[in-house]
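The values are calculated or read from the model by the stated rules, or taken from the named source; none is laboratory data. Predicted model only: the values in this text are computed from it and were never measured. So basically every Cβ, Gly included, is an ideal-geometry build from the backbone, and we count neighbours across all protein chains shown. Surface accessibility is based on the protein's heavy atoms, side chains included, excluding ligands, DNA and RNA. Shrake-Rupley method; radii C 1.70, N 1.55, O 1.52, S 1.80 Å.
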Amino acid sequence: MNDARDFGLAETASPAYGIERFDRSMPQPGKIARAILEGFNRHYQLFRYVAQQAKARFENGDWHGMRAAARERIAFYDQRVAEAVERIERDFDLASLTEEERDALWQAVKQSYIALLAEHRQPECAETFFNSVCTKLLHRDYFRNRFIFVRPGVATDYMDSDPPSYRSYYPATQGLRRTIKQILIDFGLACPWVDVERDIRRVLRAVCEAHRKGEAPNALTRPFHAEPDLQIQVLSNLFFRNKGAYIIGRIINGTRVTPLAVPILRNERGQIYIDTILLSSQWIATLFSFTRAYFLVDMEAPSAYVAFLRDLLPHKPASELYTMVGLQKQGKTLFYRDFLYHLRHSTDRFVIAPGIRGLVMTVFTLPSFPYVFKVIKDVIPYPKETDREQIKSKYQLVKMHDRVGRMADTWEYSQVVLPRARFAPELLRELLTDCASQIELSDDTVLIKHVYIERRMTPLNIYLSHASDVEVDHAIREYGNAIKDLIAANIFPGDMLYKNFGVTRLNRVVFYDYDEIEYLTDCNFRRIPPPPNEEAELSGEPWYRVEKNDVFPEQFAPFLLGDPRIRAAFLKYHADLLTPEYWQRAQQRIRAGHLEDVFPYPRELRFVQRFEPDSARWR
């Protein structure tokens, strides 16, 4: 289910061969189940080890190591699945089984596996691993709940780790300052603080200001009225990503619950400090956005962490939260289940996604479901110079790279079976015309051999066509910021037309067309040389030599700034993007090993931006 062949729609009728038919001379289901679980346990031990190392990397300022570990961890899962498949094929004689014996065997293996998960702390992830192994070994006819976990087999409600996944603190008895200080101490960071008392004062001040401005109406006031159950709950382990460590928690005061996130940063002298406190679901949602790299966090019971996060972010599906804590395969499993559930409870049709048709992908959507489906076309016309494998490699680059909040993550699936009746005729015609090698039809189904699925956004060109002057100003500022954030992450988007960017529900601009992206350091940014004569200037052909990776930022303006409103906003905020020197300086910093600070929250929220040196009344 969660492997490359994981979309099935309904269980088909077949004989229900029970375990009692299992021949004792056949491979023992318990041994196969144990072999699969041992493969998962090895995977999760390595997964946790990388997260545990993140703390030391943060303390030592090993930012390149942090990024490399996060990138390499993504491949762990598939490696362990391959090892488990190889072991089972080597140690058990499965090829000689009849169909009836195979049916009975795999039903027995699943039952044995469920029994092994009775006291397991990651049963939901272990079930996904089981599915991944089985779908490598079995034909698609077995992708049913009788043989694999189409539905969960072990409940994770109220599951927790030992010690518990979160700690509770009681300011009413300990005092608020002392409580905050104890929270910081309990995370055990082996770094000196720049000034921990100053940071505590700033946290208190920010909480009071948020309440006064109505930005966090449930936050504590100063002075505050403490209900009997007043407590601050924080997840027991820090969330690490790039150059930051994050405390994630909530304040509970009676019926009022305030989410909180506290970013801790490290300066070049090895000292740490609180950069800000986030007290709204909106800003915390940006930390867990599908446009960002996955967190490194040590979780014995991941379901407990996700349950806590869902209380803070009730509008985020569990599939995205599992993905953002690095368990992207579990995210795929939950997305699959959500999608099939939605299909059964909706009636609208898949249609071609709104926007300008692309040369590389056919993109379609189900209007009632907030995602788009992208299929690579068979023939990619000029002026594109790419092919299917190159495009897939670009998407893999994005998966492994730091997306800095500006590139949409995707789920990649193969052998996706969808009901034919749910396809609009014009979409089906386009798929059969442009993507015929990827489509197989039956009377009732459409099989798509390979597809990318990502969050649906409003294409920026469509957004701008209906935007007010204020909205254009904001969108173009965001558009330029998106490009600059990508530059900081060593990414050149290639095709910078507005149709390749989208606007999220939080009005952030995100890049989502990856077929032309390159590492910034692989590009050669040049200024157009002056023409040698008037004839050359008037010629339709360039008078200068152009190599494959040459980029001329001066040429962006004619393609991007035809609309006066857009031009005014762009030149107000981002005129530097039209000069090769800006791009060249960024390249020099990257080649020198410098990692830029890209904050997952507005800079104006940072304490260094908000507060002058603390006055006496906050001391």
query = With +1 on each Lys and Arg Cβ and -1 on each Asp and Glu Cβ, how big is the dipole of the range 394-510 about its Cα centre, in debye rounded to the nearest 20?
reply = 260
note = Pairs over 18 Å Cα to Cα, from K374/K484; K332/K399; K484/K572, come to K374/K484
inquiry  = Could you report the chain's accessible area per residue, 1.4 Å probe, as an integer in Å²?
reply    = 45
ask   = Accessible surface of S96 in the full protein assembly, 1.4 angstrom probe, to the nearest 10 Å²?
value = 80
task = DSSP loop (so not H, G, I, E, B), at most 14 other Cβ within 10 Å: list which trypsin sites (Lys or Arg not before Pro) in the range 511-575 pass both filters.
result = R527, R545, K548
message = What is the percent carbon and sulfur in the accessible area of the range 453-539, measuring with a 1.4 Å probe over the protein chains and ignoring ligands?
response = 47
key: Reachable aspartates and glutamates from K499, criterion Cα separation under 18 angstrom, eight or more residues apart if same chain   = D409, E454, E471, D473, E478, D513, D515, E516, D563
ask   = How many nm is it between the label spots at A421 and Q111, if each spot is 7 Å from the Cα in line with the beta carbon?
value = 3.5
ask   = Taking the mean number of other Cβ atoms within 10 Å as a proxy for protection, how do you rank 179-191, 143-155 from highest to lowest?
value = 143-155, 179-191
note = DSSP beta bridges in the chain: the antiparallel percent, rounded to 5, is 90
query = If the limit is 30 Å between Cα atoms, which of K316/K449; K316/K392; K449/K548 go over it?
reply = K449/K548
ask   = Rounded to the nearest 500, what is the chain's calculated 222 nm mean residue ellipticity when only DSSP H runs of at least 4 contribute -39500 (n - 2.57) each, over all residues?
value = -12500 deg cm²/dmol
key: Ranked by how many other beta carbons lie within 10 Å on average, peptides 502-510, 459-467, 319-327 from highest   = 319-327, 502-510, 459-467
task = Can you send over the solvent-accessible area of M361, 1.4 Å probe, protein chains only, in Å² to the nearest 10?
result = 20
query = When ranked by the protection proxy of mean other Cβ atoms within 10 Å per residue, highest first, what sequence do the peptides 192-204, 588-600 form?
reply = 192-204, 588-600
task = Taking a cut-off of 18 Å between Cα atoms, list the lysines near K55, but don't count ones fewer than 8 places away on the same chain.
result = K243
request  = Subtract the Cα-Cα distance of L189 and E604 from 0.36 nm times their separation in residues, and report this length gain in nm to one decimal.
outcome  = 146.8 nm
ask   = ³J(HN,Hα) across the range 532-542 via Karplus (A = 6.51, B = -1.76, C = 1.60, θ = phi - 60°), whole Hz, x for Gly/Pro?
value = x, 7, 5, 4, 5, 5, 8, 6, x, 9, x
request  = Enumerate the residues in the range 414-436 having an amide nitrogen under 15 Å from the point lying 7 Å beyond the Cα of R344 toward its Cβ.
outcome  = 419
key: Among Q52, A118, S96 the positive-end extreme of the charge dipole of the range 41-134 (Cβ point charges)   = Q52
inquiry  = Can you compute the charge dipole magnitude of the range 339-421 about its Cα centre, using +1 on each Lys and Arg Cβ and -1 on each Asp and Glu Cβ, nothing else charged? Give it in debye, rounded to the nearest 20.
reply    = 140
